[in-house]
Amino acid sequence: MLASGGGSNLQALLDHLGGRDASAAVALVGSDRPDAGALARARKAGVPTVLIGNAGADAAALLAALGAHGIQLVVLAGYLKLVPAAVVQAFHGRILNIHPALLPSFGGPGMYGRRVHEAVLRSGARVSGATVHLIDEQYDRGTIIAQWPVPVRDGDTPERLAARVLAAEHALLVAVVRRAAVRLAAGRPVVPLDCAADQFAAADLPAPAVDDALVST
Ligand code: GRF
């Protein structure tokens, strides 16, 4: 997991993966910010951490850390730096990112954090949600793996919408990482989740703590 912020998505993975769930476990947490809450959460959980610079030389250091910990899947959640190209290439098809909107809408350069939810509210959209997608050189334009819609409510503020979307993110990310890890362990690529064929249903997900998420059927 690479994160620059508070790490609530990391916490969702720490809470639901590993232990009895042998499909996946968080084995390393990296950040470009020494004070990132995500690093504190990792340390509290006893998970190794690594600080990432943004110079090319750090690409080698990051690759070495990923290799040393046997990382098979990289998950970005609020990681605000570009992943070095050498890492994107070495982990092609194995880097997931979670975005707090329904890509391809409300994505791209500068679209992160509060700005995303402000743009959704300004647009008049009645549905927002979370997207998990693969990272490639185009960033927010990688293959979409799964999405989870949530309603936009009258009177929503960016903060209230962000909280509703964030709870859906936590549920979605756990399910997607679990399935991706199982597929990679079987030597199969990470592919978009097909609700019908993949039995991807609400029952698979830890109950998101949202009062009004639209449950995808
Ligand atoms: C999440 O909203 C995620 O969608 C976005 O950055 C935020 C990270 O939040 N990319 P947290 O640090 O996991 O709480």
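The values are calculated or read from the model by the stated rules, or taken from the named source; none is laboratory data. A quick note: this is a predicted structure, and the numbers were derived from the prediction, not measured. Quick reminder, even Gly has a Cβ in these numbers, built from the backbone with ideal geometry, and neighbours come from all protein chains shown.
May I ask you to verify whether residue 36 is within 9 Å of the ligand (Cβ to nearest atom) and over 19 Å from residue 178 (Cβ atoms)? When the stated conditions are applied, residue 36 passes them. Take the conditions (1) surrounded by 13 or more Cβ atoms within 10 Å (Cβ to Cβ); (2) away from the ligand (no atom under 11 Å from the Cβ); (3) part of a loop (DSSP other than H, G, I, E, B); residue 109 misses just one of them, which is (1). Within the stretch 16-47, the set of residues being within 15 Å of the chain's Cα centre (by Cα) and of a type outside the set (S, T, N, Q) comprises 16, 17, 24, 25, 26, 28, 29, 30, 38.
From the list 94, 114, the one residue that fits, being basic (Lys, Arg) and within 11 Å of the ligand (Cβ to nearest atom), is 114. Condition (residue is at pLDDT 95 or above, in contact with a helix residue (DSSP H, G or I) (Cβ under 6 Å, 6 or more places away or on another chain) and within 11 Å of the ligand (Cβ to nearest atom)) applied to the stretch 143-158: is it met by at least one residue? No. Taking the stated definitions as given, is residue 132 touching a strand residue (DSSP E or B) at 6+ places or on another chain (Cβ under 6 Å) and closer than 18 Å to residue 192 by Cβ? Answer is yes for this residue.
Residues that are exposed (fewer than 14 other Cβ atoms within 10 Å of the Cβ) and among the basic types (Lys, Arg) within the stretch 36-84 comprise 43, 44, listed in sequence order. Taking first residues from the stretch 165-184 that are over 19 Å from residue 25 (Cβ atoms) and partners that are near the ligand (Cβ under 10 Å from one of its atoms) and part of a helix (DSSP H, G or I), the Cβ contacts under 9 Å between residues at least 6 apart in sequence or on separate chains come to 165/116; 165/117; 166/8; 166/9; 169/8; 169/9; 169/12.
Residue under question is residue 91, and the condition is that it be out of contact with any Leu (no Cβ under 8 Å at 6 or more places or on another chain) and of a type in the set (Phe, Trp, Tyr); does it hold? In short, no. Please give the number of the condition residue 150 fails out of (1) surrounded by 20 or more Cβ atoms within 10 Å (Cβ to Cβ); (2) in a helix (DSSP H, G or I). Only one criterion in (1) surrounded by 20 or more Cβ atoms within 10 Å (Cβ to Cβ); (2) in a helix (DSSP H, G or I) is unmet by residue 150, namely (2).
Residues that are within 15 Å of the chain's Cα centre (by Cα) and among the charged types (D, E, K, R) do not occur anywhere in the stretch 148-168.
Within the stretch 55-65, identify whether any single residue is under 21 Å from residue 132 (Cβ atoms) and out of contact with any helix residue (DSSP H, G or I) (no Cβ under 6 Å at 6 or more places or on another chain), and answer yes or no. Within the stretch 55-65, not a single residue is under 21 Å from residue 132 (Cβ atoms) and out of contact with any helix residue (DSSP H, G or I) (no Cβ under 6 Å at 6 or more places or on another chain).
Residue 102 passes every criterion in (1) hydrophobic (A, V, I, L, M, F, W, C); (2) assigned to a loop (DSSP other than H, G, I, E, B); (3) in contact with an Asp or Glu (Cβ under 9 Å, 6 or more places away or on another chain) apart from (3). Pairing residues of the stretch 115-135 that are under 15 Å from residue 149 (Cα atoms) with residues that are among the β-branched types (Val, Ile, Thr) and in a helix (DSSP H, G or I), at Cβ distances under 7 Å and at least 6 apart in sequence or on separate chains, gives 128/120; 128/165; 129/165; 130/165; 132/176.
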